[in-house]
Every structure is written in structure tokens, then in C-alpha cells.
Amino acid sequence: MTDADWAGFRADERSLDPDAYILLDYYLECEGDPERAALHFCAEQSTAQWRRVGSSEDLRPRFGARLVDLQILDQERPGFSYEVGRGRVPSVSACRVRIAHPHGNFGPRLPNLLSAVCGEGTFFSPGAPIVKLLDIHFPDAYLESFEGPQFGVEGFRERLQIHDRPIFFGVIKPNIGLPPEDFSELGYESWLGGLDIAKDDEMLADTDWCPLERRASLLGAARRRAEAETGTPKVYLANITDEVDRLVELHDLAVSRGANALLINAMPVGLSAVRMLRRQARVPLVAHFPFIAPFSRLAGFGIHTRVFTKLQRLAGFDVIIMPGFGERMHTSDDEVRDAVNACLAPMGRIKRSLPVPGGSDWAGTLRPLYEKLGTIDFGFVPGRGVFGHPMGPRGGAASIRQAWEAIVAGVSLEDQASRHPELRAAIEAFGGSPTVAPTKTSNGNGSGGES
């Protein structure tokens with residue numbers, strides 16, 4: 001191809017119809033001329049061969065992805081950041097590129113979108129073996145074709161009648177080995193202690209030793225008893241992750257037995273399957289994050305977690321559980337904030353999803369988490385912090401509520417603990433666990449695992 005041919009994959013962003021394109025931000029490492037590599041990248045993920053033999057037809061104006069910005073971050077590196085089987089190359093450049101891709105190429109279909117922006121043309125483009133999709137921006141015209149969350153943050157809060165604080169989740173522990181009778185008793189005790197939502201672990205689905213039908217029946221009954229005793233709404237969050245052809249069946253089974261929210265492991269099941277279920281769902285859908293870290297963890301390769309978060313929101317999740325702060329989750333503070341912001345930032349007509357960043361949380365991590373996010377629009381999801389509490393799940397849930405009351409009152413955790421034995425026991429039991437370093441940093445909008 002000549003320079004003139006490659007120029008067909010370059011454009012001034014201001015000259016393009018903003019309703020016709022999604023914008024994609026990538027990190028690339030490439031050999032040779034960075035601009036030529038970026039233009040080749042555009043060609044590969046859109047038209048590839050843009051003219052058929054024996055014809056003057058040019059497919060680029062309609063189908064071609066366009067390079068609209070190129071920032072060279074580093075040049076003349078001795079090699080790529082990761083071994084890619086290429087041996088030593090004479091010169092490698094690291095770049096950040098923005099590409100405008102016409103969404104008419106794939107339409108409002110999540111499998112086809114991913115096939116274009118994360119597919120063969122993207123990750124196998126000649127000369128650019130190191131690629132990471134950093135962000136994706138959708139025009140309102142594209143978003144109009146998606147339903148997004150059915151309830152969103154506001155609808156989820158309305159169901160729980162909670163409008164002035166975070167939502168308190170708890171993962172019933174031990175997470176996978178209990179019979180339904182014992183499992184439901186733990187959930188009941190946690191609700192009486194002040195937990196809003198008792199949930200299945202992402203590993204516990206429809207198993208022989210804890211069948212979903214029996215578990216949902218008992219937890220549903222326990223939830224209704226707890227609501228009657230406390231006078232407040234409660235949620236049992238049942239995991240229905242399974243084969244795609246069982247999702248609607250398991251939705252109907254769990255909801256009919258008493259589950260009033262459903263957990264789905266988003267990427268193992270598939271975003272298109274979630275979108276299908278969203279159209280049938282009568283209760284909020286909650287995402288969990290298995291199968292995301294293998295794509296996102298490397299700094300310069302794969303897909304950033306903010307992209308996964310936006311796609312889960314687009315597919316229809318009302319709540320998105322994600323890796324949170326702290327060393328255990330292997331995620332930087334900035335990346336957590338980015339994922340939280342992807343839940344809460346404006347996105348056309350798509351409702352906001354409730355972010356739930358977690359990882360080894362207990363009453364002592366609530367304040368620093370809140371201060372890092374700078375918003376009450378998040379879920380807090382301890383596991384052992386409630387169900388491993390020395391005074392049982394009722395005491396563990398109470399310690400979470402007491403920690404929040406200390407935040408509202410502006411008193412220290414230690415002062416609050418002097419008046420509340422549940423919180424004092426939590427500090428004694430979990431105080432040596434890793435906590436989130438306190439900070440007053442906030443991005444204003446509330447940006448950002450469980451154990």
C-alpha cells in the first residue's frame with residue numbers, strides 16, 4: 001500500500017459524524033514507524049482488504065476505522081514489554097492511539113462489537129503484538145439500542161428503601177460447603193444484625209449438596225421473617241451462574257422460591273447471555289468478576305477493567321462487583337476508581353450501576369473505602385468480616401452498621417468500639433488484616449472481591 005492508501009485510515013475527529021463512531025483508546029507497542037503501524041491497526045480491525053480485485057470500489061469511507069490521535073510515549077526501546085516470540089527487534093515504540101470505529105460495522109450486538117475491537121484484527125495486527133484496550137466511548141445514538149440496567153442505583157435503593165448510606169452486602173461463609181438449612185440460618189442471623197443483602201458466593205451455584213431450589217426456598221423464607229422482625233426490606237442474592245440455556249429456568253426457579261436479586265458471573269456466562277436474561281428478569285441482576293483478571297492484569301496487554309465495567313453496565317447489570325482496594329486484589333487504586341466511575345458516570349440513557357469494590361473487608365475498612373470513593377453510592381461486601389465474626393453473623397453485621405454510624409457521627413472507630421461490643425470484637429479479630437490506607441482523595445463523582 002502507498003502512503004495515499006494508508007491515509008484513508010486517518011481522520012480529524014472533528015470531521016466525523018460523532019453519532020456514527022465509537023471511540024477506542026489503545027496502548028500499542030509496535031516495531032517500525034508508529035504511525036504506519038497504527039494505520040495498519042485500523043485497517044486490520046475494520047476493512048482489512050479495502051478494495052476488491054478488478055474494481056475501483058473503496059470500502060474505507062463507509063467501513064474503515066480511523067486513526068484520530070497518536071501519542072508516542074517512548075521510542076527506540078530494545079524490545080517489547082512481553083515475550084511475543086519475535087526475538088530481538090531493532091526498535092520498538094510505545095504509543096497511545098485513539099481510533100474512531102464506525103459502529104455500523106457490527107451494530108448494537110455485543111459479540112460482534114467485541115469481535116471487532118478485541119478480535120483478530122486488533123490483537124494480531126502486523127508489527128503491533130502488544131495491545132491493551134484502555135477505554136471505549138459510545139455515542140448516545142449507539143446506546144439507544146441497549147436497555148442497560150432495569151433498576152440501576154436509584155431503583156435498587158428504592159427496593160431496599162436506603163437512600164442515605166452505602167448498601168451492606170455479606171457473602172455467606174463458609175462459601176460452598178454448607179447444606180441449605182445451615183446456610184439459611186446464617187443469612188437470617190446476618191439480616192437481623194443489620195445486613196441489607198446476604199449473598200451466595202460466586203462459586204456456589206446449583207450444586208448437589210446445596211441445590212438452588214432448596215436454598216432459595218429456605219433463604220426466601222428466612223428473608224421474609226427477617227423483614228417482619230426488623231421492619232426493613234432485605235435481599236437474598238442467589239447465584240444462578242450456569243449454562244446459557246438454563247439461565248431463564250434458574251431465574252424463574254430462584255425468584256419463585258424467594259430470591260429477590262440474582263448473581264451472574266458475567267464473563268464466564270457471556271455478556272450476550274446476560275443481555276438476553278435482562279429482558280426476562282423480574283429482579284435486579286448483579287455481576288461478579290471471574291474471568292476478568294486474566295484479560296486485565298498486565299499493564300500493557302489485554303483489556304482494562306473499566307472497559308469490562310462499561311460492557312457489563314451496557315448488558316444490563318444493576319450492580320457490578322469488582323476487585324477493590326488493598327494488596328490482595330492486585331489492582332491499583334486508580335484502576336478501582338476508574339471502574340467505579342464507569343458504573344456511575346453519565347452514559348446516555350443507560351442507568352447507573354451500583355459499584356461494589358471489595359476484598360478482605362470488615363468494619364475497619366469501611367471508612368477508608370468511603371473516603372477513597374467520596375460517594376455513598378457503593379456496596380460494601382465483607383465475607384469473613386460478617387460471617388467469621390467472633391459473635392456470629394448477627395454481631396458481624398452489627399459491627400458494619402456501627403462502623404458507618406461512627407463515620408456519620410465523626411468519631412473514631414476506637415471511640416465507637418468502646419460503646420459497642422460487636423465492633424470491639426471485630427477490631428480484635430480483624431484489626432491485623434490489611435486495610436485500605438485512609439485518604440480524603442475524591443474525584444467528585446465517586447470513582448474507584450470480596451473475602
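Observations on the model:
- Checking each residue in segment 76-110 for being closer than 24 Å to Phe9 by Cα, outside any loop (DSSP other than H, G, I, E, B) and not aliphatic (A, V, I, L, M) picks out Ser93, Cys95, Arg96, Arg98, His101, Pro102, His103, Gly104, Asn105.
- Test: residue in segment 252-259 that is polar (S, T, N, Q), assigned by TED's automatic domain parsing to the domain that holds Ile376 and loosely packed, with under 15 Cβ neighbours inside 10 Å: yes
- Verdict on Arg401 being touching a helix residue (DSSP H, G or I) at 6+ places or on another chain (Cβ under 7 Å), at pLDDT 95 or above, surrounded by fewer than 21 Cβ atoms within 10 Å (Cβ to Cβ) and outside any strand (DSSP E or B): no
- Considering only residues in segment 175-190 that are more than 26 Å from the chain's Cα centre (by Cα) and under 13 Å from Arg223 (Cβ atoms), the one that is surrounded by the most Cβ atoms within 10 Å (Cβ to Cβ) turns out to be Ser184.
- Scanning segment 123-145 for residues that are in a helix (DSSP H, G or I) and either under 26 Å from Asn341 (Cα atoms) or touching a Leu at 6+ places or on another chain (Cβ under 7 Å) (or both) yields a total of 4.
- Scanning segment 1-40 for residues that are of a type in the set (Lys, Arg) and not in a strand (DSSP E or B), we see that the one that is farthest from Thr122 (Cα to Cα) is Arg14.
- Any hit, segment 101-108, residues being farther than 19 Å from Glu29 by Cα, modelled with pLDDT of 95 or more and surrounded by fewer than 15 Cβ atoms within 10 Å (Cβ to Cβ): yes
- Among the residues making up segment 368-415, those that are over 17 Å from Thr230 (Cβ atoms) and polar (S, T, N, Q) are Thr375, Ser412.
- Qualifying residue in segment 275-284 (condition: surrounded by fewer than 19 Cβ atoms within 10 Å (Cβ to Cβ), under 25 Å from Cys210 (Cα atoms) and out of contact with any helix residue (DSSP H, G or I) (no Cβ under 8 Å at 6 or more places or on another chain)): no
- Scan of segment 23-41 for residues that are of a type in the set (A, V, I, L, M, F, W, C) and surrounded by fewer than 21 Cβ atoms within 10 Å (Cβ to Cβ), ordered by number: Leu23
- Cβ pairs under 7 Å, 6+ apart, first in segment 61-77 and under 11 Å from Glu35 (Cα atoms) and in the same structural domain as Phe41 (by TED's automatic domain parsing), second of a type in the set (Phe, Trp, Tyr) and at pLDDT below 95: Leu67/Phe9
- Criterion violated by Glu147 - all others in (1) surrounded by fewer than 16 Cβ atoms within 10 Å (Cβ to Cβ); (2) in contact with a Phe, Trp or Tyr (Cβ under 9 Å, 6 or more places away or on another chain) satisfied: (2)
- Test result for Arg52, farther than 20 Å from Gly119 by Cβ and of a type outside the set (Gly, Ala, Ser): yes
- Ile172 being crowded, with 18+ Cβ neighbours inside 10 Å, at pLDDT 95 or above and of a type in the set (Val, Ile, Thr): yes
- The residue that is modelled with the lowest pLDDT, among those in segment 319-350 that are surrounded by fewer than 20 Cβ atoms within 10 Å (Cβ to Cβ) and of a type in the set (Lys, Arg), is Arg328.
- Scanning segment 422-434 for residues that are out of contact with any Leu (no Cβ under 8 Å at 6 or more places or on another chain), surrounded by 15 or more Cβ atoms within 10 Å (Cβ to Cβ) and modelled with pLDDT of 95 or more gives Glu422, Arg424, Ala425, Ala426, Ala429, Phe430.
The values are calculated or read from the model by the stated rules, or taken from the named source; none is laboratory data. Please read these numbers as outputs of a predicted model, since none were measured by experiment. For neighbour counting, all protein chains shown are included, and Cβ atoms are generated from backbone atoms with ideal geometry for every residue, glycine included.
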